[in-house]
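What follows is calculated from the coordinates using simple rules that are stated; it is not laboratory data. The structure presented is a predicted model; accordingly, all values stated were derived computationally and were not measured. Positions of Cβ are backbone-derived with ideal geometry, glycine not excepted, and every protein chain shown enters the neighbour counts.
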Amino acid sequence: MKKDNPKAWRNDAYAKVTGRARYTDDVKFPFMLHAVPVYSDFVSAKIVSIDTSDAEKSEGVVKVLTHKDVAGTNRFGQIIKDFRIFAEDRIFYNGDVIALVVADTRANAVKAAGLVKLEAKAIPSILDPEKALEPDCPLVHEEHGSNIINEHRVRRGNIEDGFKNSGLILEEVFQTQFVEHAYMEPEAAICNPRHDGVIEVYASMQHPFSTRRFVNAVLGGRLADVEVISTPMGGGFGGKDDTVSIVAARTALAAKLTGKPVKCSYAREWSIRESYKRHPYRIYYKMGFTKDGKIKAVKTKIIADGGAYCSVTPWVTWRSTVQCCGPYQVENVHCDTYGVYTNNVVTGAMRGFGSPQMNFVVESMIDIAASKLGINPIEIRRKNMVRQGSITITGQKLDNHKVAMEETLNTVLDEFYYENKYKKCSFGKPDADELYGVGLAMSYRGMSLGAEGTDFNSAIINVQPDGSILLETGIHENGQGSESAMCLILARELGVSLDRIRYRRPSTSNIPDGGTTVASRGTVMGGGAVVLAVKKLKEKIAEFINKHHGSAEENAVFKDDEIICGKDKYKFDDVISSMYRNQEYPHVFGVFRGPKVTWNEENGQGDAYFSWTYGCQAIELTVNRKSGKVKLLNAVAAHDAGKAANVQMTLGQFYGGMAMGIGYGLHEEVKMKDGVITNTNFNSYRLPRSTDLPEMKAVIIENPDPNSPSGAKGIGEPTNELMAPAISNAIFNATGKRYFKLPIKVEVSGEEDLNQ
């Protein structure tokens, strides 16, 4: 490379900071119409009729769509096709859409939406997931035959013997909340019917290929007749998958039926009302320890509120099941996990994907045990944490990568001066109004999708005659810098300068399905495909040089925009130009398939993930005894990133994840009343403000992973999983009171809790 790897290089930086980036809502077409969804006031009801006649007569209205206009299927779902694109005979939750009004302006569409009349008969709502599990409870979806969406389990060792040999047995019940993704850009889609019969889809989405599948299913045509084109996206965090696909499908149907481009751009209130949330969990957790702090047994029952539709609840709860004991060795485990239908808002993928809930539970229980046994909370973690060669609760041996659990722990302890600060904790001392505490949490996380799905990705490298390079991958940019990471990996592996690389944002028409940008898999899978594509390209170039110049191809070194073959040096541009003259084209396709994983659903045993990443975070805070206000002072995080493609982007993932974890622990909650969300905008949904955040320090630990061609590990989600349990432990060490429900609301006597 002509330059060292720039620490803060972004291929999209200039466009975004100057306002030139065109997000979905910025895309415009001549004669474009506007679409607006229509909701009902019901939470659970039997539909009698939907009257659109008054809306159709309203000013500027071109068409009003209902389920009767769907040419293909009205059912949607990545696992179970239970989501209605338009409500048919039932209202299953308050976010169900009964119609779509299409008009010449958005204002006219909004006005007409209020004229659609729904006649329906209310049905008692099922809002408590535990009641939904009772045998005599009415069914949310009768065709499913049960309110249980899915079950997962882990069976390891002998749970009875484990508790029998325990000197301390703890039993607690934990509860977590609905959480909104709170991305800056609400859902938006623009669909353009081209003259060749293809429907173009522009949308703020995480998975163009699943969007294409669902759009095509609604239209009832062929996949080749739908092209989904990626646009810059204003945040996702797992939330721009199912809901956006549905928005795009409705919009595409409107475009096809009207023969004109149609835009559907959501207001924040519509977004919060309709979109899926982080699963609230109710977790019954029993844990047995020896008197010296060794974990002997864990028994847990996990109940996840899936809301009205399945979405990806089975996948989210599967990860919760696999990681139900945190980064600890436990010989005896009995875990039962249930995803449950209710009439609440739908729940699905969100940053962390089932891990934040479990880490809150496990790390709280570890600290409780340490307190009960009179053991330092650090020492009890050392005694039980996974190490090189450890066997996980699913029977997987951790021997194919470096197990960096202790390394991340030691790094945080040193950077945070944890032991010195721990000695200063108040532990609820009655003589102080300002109570001081520190807390720590650690975790491990399976990389990529694991045994919940087969994972692969592809990359296309197309070197142009002048030596410039076009790069495409199956990874979709969410705003986190994945495109930049792919370019950096290409430049590093091929030994060329960044300024010759252009990332070509893919469409579904020119690269195979690479899966959705979730599960911290972007750099791992996309970068892996780039590395393997570069390997093919190097072989092709070296073969050409050997053929035409007689240099040994196996000795070719690619460095600083040159190719060195023994004593001979060739300029990269000259070689490429020569290849074109000889009609040998430097165009390659690379595929990275995740290493084999195994799983037995019956007993929850197997090699769940092909590798693991490790992390630790600590927080320092004060709690005002009179007001309950929590003030965060300082936080440190250390995570094993494998090999960081871009240092500054990796650090950005640390800080963003930590901030989001703070919101999860102290502030954020989608509030429900009788199945209706009551805080549908950011003036009432409490996000963490800049003044809520502490000083933060992030430490990147690099242990290149041998299972990842680029050496990278996923880091976007692990950094989000630990602030909430660390805060919980710190609040206990400050106040002497343990909290089992998120977000934490510090109790005060006769005073307003100013932390809320």
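So here's what we get for this one:
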| read-out | value |
| --- | --- |
| Those lysines that a straight Cα-Cα span of less than 22 Å connects to Lys559, excepting residues fewer than 8 apart in one chain | Lys2, Lys3, Lys7, Lys535, Lys536, Lys538, Lys540, Lys547, Lys567, Lys569, Lys571, Lys643 |
| Rounded to the nearest 20 debye, dipole of segment 169-280 from Cβ charges on Lys, Arg, Asp, Glu | 480 debye |
| Highest-first arrangement of 176-183, 570-577, where packing means the average Cβ count within 10 Å | 176-183, 570-577 |
| Geometric extent, Cα atoms of segment 354-410 - Rg, Dmax (angstrom) | 12.7, 36 |
| Listed residue (Pro193, Val361, Val438) projecting farthest to the positive dipole end of the chain, Cβ model | Val438 |
| Spatially proximal lysines relative to Lys737 (Cα-Cα < 22 Å; intrachain offsets below 8 disregarded) | Lys286, Lys372, Lys421, Lys423, Lys424, Lys429, Lys626, Lys629, Lys631, Lys745 |
| Label-to-label distance, nm, for residues given as Asp89 and Lys631 (7 Å Cα→Cβ offset) | 6.1 nm |
| Part-to-part distance (alpha-carbon centres) for segment 545-593 and segment 223-261, which is given in Å | 41 Å |
| Calculated on alpha-carbon atoms, Rg and Dmax of segment 587-648 in Å | 21.1, 68 |
| Kirkwood Rh and Cα Rg combined as Rg/Rh, segment 215-365 | 1.13 |
| Dipole magnitude of the chain, debye to nearest 20 (Cβ charges: Lys/Arg +1, Asp/Glu -1, about Cα centre) | 600 debye |
| Candidate lysines - alpha carbon under 27 Å from Lys57, same-chain residues fewer than 8 apart omitted | Lys28, Lys46, Lys68, Lys111, Lys117, Lys121, Lys256, Lys260, Lys263 |
| Given charges at Cβ of Lys, Arg, Asp, Glu: the chain dipole, positive-most of Pro135, Ala491, Ala249 | Ala491 |
| Spread of Cα-to-Cα distances over 20 Å intervals beginning at zero, given as percent, for the chain | 16, 47, 31, 6, 0 |
| Whole-Å distance, taken between Cα centres, linking segment 700-727 and segment 267-308 | 22 Å |
| Base-10 log of normalised Debye intensity for segment 456-593 (one unit scatterer per alpha-carbon) at q = 0.09, 0.17 Å⁻¹ | -0.26, -0.85 |
| Span from the segment 56-125 Cα centroid across to the segment 401-455 one, whole angstrom | 47 Å |
| Of all DSSP beta bridges in segment 594-699, antiparallel share, percent nearest 5 | 70 percent |
| Relative contact order [Cα under 8 Å, 6+ residues apart], segment 303-455, whole percent | 23 percent |
| Charge dipole of segment 456-593 about the Cα centre (unit charges at C-beta), most positive-ward option of Phe544, Asn478, Tyr580 | Asn478 |
| Segment 456-593, dipole about Cα centre (Lys/Arg Cβ +1, Asp/Glu Cβ -1), debye to the nearest 20 | 200 debye |
